[in-house]
Amino acid sequence: MDFEIKTIITEEYEDSAFNFDLIELETFLKKVIIQELWFLVIKYFWGFELTKSDGQFAKFFSGDIQSWKTKDKFLVINTHNDWNKLAYQNEEKVFKNITEVFLQSIDRFYTMKRKPKDFDCDSFKKMFQII
């Protein structure tokens, strides 16, 4: 399985407010995924949205997206991350917050109407919990 982070970051704080390398995180997570277990999903897209919950763009990024693209075998799930929680935090706190939100996004798999039938979501989540 391939893994990709799609980012949307609003400019409600200056660039220096978010000191976390999402590209490095994506590279790391790709290495963690055990290829043999996830043949039913070709690619997992994680939408990482960073906006202020009380900011001017909040209304545009309020909906949750979870989608199974049957033809392409892509699993798409987005998350909302609040600038107010992540701005000016050290890397450890940001990582903890991002991990929490990411694991919550995996839980949304269970509420999906259309999803890969044999995808072992519990094992997938456990793989990331041990990080």
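FYI, it's all coordinate maths here, none of it is from the lab. Quick caveat: nothing in here was measured; it's all calculated off a predicted structure. Virtual Cβ from ideal backbone geometry, glycine too; neighbours counted across all protein chains shown.
Observations, loosely collected:
- Each stretch of four or more DSSP H residues adds -39500 (n - 2.57); spread over every residue of the chain, this sum gives -9500 deg cm²/dmol at 222 nm.
- When each of Glu100, Glu11, Glu26 is scored by the number of other beta-carbon atoms lying within 10 Å, the sequence from fewest to most is Glu11, Glu100, Glu26.
- Correct option for Kirkwood radius over Cα pairs in Å [calculated from the coordinates] among (i) 15.5; (ii) 17.1; (iii) 15.0: (i)
- For segment 2-129, the antiparallel share of DSSP beta bridges with both residues in that region comes to about 20%.
- Theoretical FRET efficiency, 1/(1+(r/R0)^6), r = Cβ-Cβ of Asp21 and Thr111, R0 35 Å, to 0.05: 0.70
- Here each label is just a point 7 Å from Cα along the line to Cβ, and for Glu11 and Ile65 those points are 2.2 nm apart.
- When the listed pairs Lys71/Lys96; Lys31/Lys115; Lys71/Lys93 are checked against a 31 Å cut-off, the alpha-carbon distance exceeds it for Lys71/Lys96; Lys71/Lys93.
- If you take all other residues with their beta carbon under 11 Å from the beta carbon of Gln56, and give Lys and Arg +1 and Asp and Glu -1, the sum is -1.
- Acute angle (nearest 10 degrees) that the helix 91-107 long axis makes with the longest principal axis of the chain, alpha-carbon atoms: 40
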